[in-house]
1. Fully extended, how many nm does the chain gain between L86 and E74 (0.36 nm per residue separation, minus their Cα-Cα distance)?
2. In the structure shown, do any of K227/K339; K227/K318; K3/K97; K77/K239 have a Cα-Cα gap over 22 Å, and if so which?
3. Would you mind counting up the charge near K2? Only other residues with Cβ under 10 Å from its Cβ, with Lys and Arg at +1 and Asp and Glu at -1.
4. Report, in deg cm²/dmol and to the nearest 500, the calculated mean residue ellipticity at 222 nm for the chain, where each DSSP H run with n ≥ 4 adds -39500 (n - 2.57) and the sum is divided by the residue count.
5. For segment 227-279, what is the accessible area per residue in Å² when the probe is 1.4 Å?
6. Would you look at the GNM of the chain, springs on alpha carbons closer than 10 Å, and say which of Y50, Y159, Y189 moves the most?
7. Ignoring ligands and nucleic acids, what accessible area does F114 show with a 1.4 Å probe (Å², nearest 10)?
8. Can you pull the percent of the chain's accessible area that's carbon plus sulfur, 1.4 Å probe, other chains left in place?
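The values are calculated or read from the model by the stated rules, or taken from the named source; none is laboratory data. Quick caveat, the model's predicted, so the values are computed rather than measured. Counting neighbours? That spans all protein chains shown, and the Cβs are built from the backbone with ideal geometry, glycine included. To get the accessible areas, we keep the full protein, side chains included, count just its heavy atoms, and leave off ligands, DNA and RNA. Shrake-Rupley method; radii C 1.70, N 1.55, O 1.52, S 1.80 Å.
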Amino acid sequence: MKKIRLPLGRASYTIVIGSRVLSAAGARIKALGAGTDAIIITNSRIARLYAAALKSSLARQNISSRIILVPDTERAKSIDMARRILERIAARDTLRKTFIIALGGGVVGDLAGFVASLYKRGIPFVQIPTTLLAQVDSAIGGKTAVDLPIAKNLAGTFYQPRIVLSDVDVLASLPRRQIANGLAEIIKYGVIKEAALFAYLERNFPGILGRDRRMLAHIIDRSSRIKAAVVAKDEYDVKGVRAILNFGHTIGHAIETASGYSGRYTHGEAIALGMIVASDIALALGIMALSDRNRIEALIRNCGLPTLMRGVQLSDIKKAFLHDKKFTNRKNRFVLPTKIGSVRIVEGIPEKIIIDALKARRAP
Ligand SMILES: NC(=O)c1ccc[n+]([C@@H]2O[C@H](COP(=O)([O-])OP(=O)(O)OC[C@H]3O[C@@H](n4cnc5c(N)ncnc54)[C@H](O)[C@@H]3O)[C@@H](O)[C@H]2O)c1
Ligand SMILES: [Zn+2]
């Protein structure tokens, strides 16, 4: 069992990582005094697997609970879904102290956090992330969101959970592609901050893909620490500190947009491509060694993530990228690696270098 404290003054909270965390959730929530009536927001796939264990753990602490199911798709992150959940909570609000538990991946977590921040101007919120991506990224840091038709995550709030409970056992049922999805963010943490984590992934990727619990706990712990440390310095993402977390995301987002969120690429796959292209750009600018670029590429491939783009038009990526740029009204801005474990923010990169890097990563 590992514990990380995220220091945010009165909003400080603990991230718990380990085995059998889910079945002990009730006792931890009770100790926090988060509430006595839990609204568990989840989807039917996750509910089938894990809701009974959570409910009985809560019941043992005399915490009542009910489940609100949302569709198992990114489309659940909508204003309309948030409204429907708010109305359901309001219709059955009792004299007990209501709080919300997000039991699921990033979709459930972003939506549940959004609702928790709005109901009565904010009720306590517990994150129980069940995907590797949610455990190392979306459940930590307090960004909640729903999507608007024009762009993802456009409506949201900053609202910290009271605790994050990351149970490595639940990753046993996660499809391999979803493990790889989370691994992309973990590779990102290695490149931006921790060469030792990167090297650990290089040595242990077969075991990790095989869902070795001890290895998973180790990389979730290291990643959560990095994310927590960055968030602690810049809770509201206004100081530029969180910017390094965008390594691979500038191009990655453009690839996601260009593929129309069609499901061709998971977020992790898109940012894996984004990390490769950023590394190629760093190489072209002469700020990183070829050997480091090659290590990044090899690890991404070994983790079952793509290193070449298929089925996305370069012109669409360019369009999405330029639109993003217009949106932020700035020169282009990239987080580029200088070596494994360290990055630099570079602005105003000549467009030709970016386009050439993208072209070189088209599958033949
Ligand atoms: N708030 C943030 O800071 C932040 C950061 C990164 C991503 N996000 C958001 O996170 C979302 C993506 O999250 P995700 O990658 O977790 O995807 P997801 O929530 O869609 O989950 C992926 C799939 O895995 C299934 N699943 C979840 N847990 C499972 C388990 N234990 N066993 C079997 N199946 C399981 C889900 O039902 C779903 O089908 C996006 O909406 C993205 O915008 C938010
Ligand atoms: Zn990401």
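1. 2.5 nm
2. From the list (K227/K339; K227/K318; K3/K97; K77/K239), the Cα-Cα distance tops 22 Å for K227/K318; K3/K97; K77/K239.
3. Summing Lys/Arg as +1 and Asp/Glu as -1 gives +2.
4. Roughly -14000 deg cm²/dmol at 222 nm, from the helical runs in the chain.
5. Working: 1740 Å² over 53 residues.
Heavy-atom SASA per residue in segment 227-279 reads 33 Å².
6. Y50
7. Here the accessible area works out near 20 Å².
8. Ligands and nucleic acids excluded, carbon and sulfur give 52 percent.
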